[in-house]
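Right, one structure below, let's go through it.
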Amino acid sequence: MDRICLIGCESKGVIAPEIYGHFAEHIGGVFRDGVWVGEESRVPNTRGFRNFVIEKFRAIRPPVLRFPGGCFAETYDWRDGIGPRSERPKTLNFWYDHDHRVETNEVGVHEFTDFCRMVGAKPYLAANLTSMTPLDMRNFVEYCDMPENTTSLAALRAKNGSPEPFGVGYWGIGNENWVGGGNMTPEQYAREYVRYATTVDSANLNGAKYVACGANRFDVGWTERFMREFSAKGCKLWGLSFHYYCGSAGDCVNFNEEEWNQLVASAGRMQELIELHRAAMRTFDHEEKVKIVCDEWGCWHNGGTGPSKGFNLYEQQSTMRDAVITALTLNIFNDNCDVVGMANVAQLCNNLHCLFLAGGEHAIVTPTYHVFDMMKAHQGGHHIHVAGAPKDVSVSASEKEGVITLTAANLSYGEAKEIELTSFDMQLPAHACATTLSATPQACNTFENPDAVTPSAEIDLPFDGQSLRFALQPASVVSVTIKP
Ligand code: AHR
């Protein structure tokens, strides 16, 4: 039996709902035949979006959705995605040399923000810094959010179907500018960031927040050099991103215990990454204003393991290993909520670390989806420190409106755990229950067997008001709710 303890006085503050954010790029099958089937499709849809995805996605309360890339964003002209769909140009998608699929531009900013409204997510738009001008970016901002009856671009938006502004919550000013986004040095990018962000700002009447392109993985040098150069001049900056794909180990589905351990350890390095980037940022940002935005994270397995068998670029299956890594990562974000302002798992559908797999009339949720569902109660909760987590157990806790949520992942491939939970300085409410996501490590959902991995029904936990116990099966995720 291992003991863990809730310590309220060591709280890191409020867990930003945006930590539970998502990402949908124009790449492979994320939209085409995934989220988007088109209005004429026989697949049940609402204004072209697959009803299954709308309903299931809305149910996990997605706070924010990033679009249209990724790398795609840096060669995208937003004007190609407005106006009558039948008249939109077919353009060269950034990923064309990988899959030879041309961009139809069917899902532009109107369709995307319509989808956001349907699922309740704030739009996070990644704007093109590499191959468009600052004025183009400013026009995009103006088009999206100037009130009706003001400028010609606002009138054009109304003519194209949306008199209401889109309500963009976040603007990403560039993506991966150390590689596909212009192959810049951090100094060069910092100057570009200032140039674009200051130009855009005069059109940003809604106070949308700006996210600058940060580092790849452990490239703390990028963070330091960007912050040094940026601080010399300065302008608005809400968040600095970094991307962390923990990679893969062995086959996506048919991995062994050693490969399980390898990938879980790699995913667990998210904690170290946050600490490193935080320290580099704080050397220049003494007031600790700039947030960390991890706007791409997840496993990157071998493609071709999803239902399209390789047709959809980077489409991968999702097993209990991905689910456990999801819980581990979200627990780490919760525990660093004083600095992590947003995170976006990559990507939503038919791609890396996805929540949905879909094609034709088929659509299923992955084990990763279930973890987002089981952990959604943390959004906006007050973080509680959990002391004493044993080796191979990842845990985090929060409190909202008198209800305490604790989520735990058993990182062990084969060993079950028994946990006793107590509290140090908090009066625990009276009733506790738990839901478990547990299956063999390699288990996954398929079109043929969509519920192979699905959470258990809620069970009551024996609880005397002082302590409670729960079991953690190997390779599992548990969500405990303690309520009045
Ligand atoms: O998610 C796929 C790609 O990975 C994104 O487009 C890019 O930003 C990253 O390299």
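Some notes on this structure:
A quick yes/no check of all residues on (1) over 18 Å from residue 343 (Cα atoms); (2) buried (at least 21 other Cβ atoms within 10 Å of the Cβ):
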residue: 361; (1), (2): yes, no
residue: 367; (1), (2): yes, yes
residue: 378; (1), (2): no, yes
residue: 381; (1), (2): no, yes
residue: 388; (1), (2): yes, no
residue: 392; (1), (2): yes, no
residue: 396; (1), (2): no, yes
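- Residue 315 meets each of the listed conditions (1) assigned to a strand (DSSP E or B); (2) acidic (Asp, Glu); (3) more than 27 Å from residue 14 (Cα to Cα) apart from (1).
- Test: residue in segment 245-255 that is in contact with a Gly (Cβ under 7 Å, 6 or more places away or on another chain), buried (at least 17 other Cβ atoms within 10 Å of the Cβ) and more than 30 Å from residue 80 (Cβ to Cβ): no
- Boolean, residue 111 is acidic (Asp, Glu), within 16 Å of the ligand (Cβ to nearest atom), within 19 Å of residue 27 (Cα to Cα) and buried (at least 19 other Cβ atoms within 10 Å of the Cβ): no
- One residue alone among 153, 135 is more than 23 Å from residue 85 (Cβ to Cβ), aliphatic (A, V, I, L, M) and surrounded by fewer than 19 Cβ atoms within 10 Å (Cβ to Cβ), and that residue is 135.
- Of the residues 208, 215, the single one that is touching a strand residue (DSSP E or B) at 6+ places or on another chain (Cβ under 8 Å), within 15 Å of residue 293 (Cβ to Cβ) and within 14 Å of the ligand (Cβ to nearest atom) is 215.
- Residue check for residue 106: of a type outside the set (S, T, N, Q), part of a loop (DSSP other than H, G, I, E, B), in contact with a strand residue (DSSP E or B) (Cβ under 9 Å, 6 or more places away or on another chain) and in contact (Cβ under 8 Å) with a residue 40 or more places away in the chain: yes
- Number of the condition not met by residue 302 [criteria: (1) more than 16 Å from the ligand (Cβ to nearest atom); (2) under 21 Å from the mean Cα position of the chain (by Cα); (3) among the polar types (S, T, N, Q)]: (1)
- Residues satisfying the stated conditions in segment 51-81, i.e. more than 16 Å from the ligand (Cβ to nearest atom) and within 22 Å of residue 160 (Cα to Cα): 77, 78, 79, 80, 81
- Residue match in segment 351-363 (condition: touching a helix residue (DSSP H, G or I) at 6+ places or on another chain (Cβ under 7 Å), over 13 Å from residue 298 (Cβ atoms), in a helix (DSSP H, G or I) and not hydroxyl-bearing (Ser, Thr, Tyr)): no
- Filtering segment 473-483 to residues that are assigned to a strand (DSSP E or B) and under 26 Å from the mean Cα position of the chain (by Cα) leaves 476, 477, 478, 479, 480, 481.
Any read-out appearing in this document is the output of simple, stated calculations on the displayed coordinates, not a laboratory observation. Computed from a predicted structure; not experimentally measured. Neighbour counts are summed over all protein chains in view; Cβ atoms, including those assigned to glycine, are modelled from backbone coordinates with ideal geometry.
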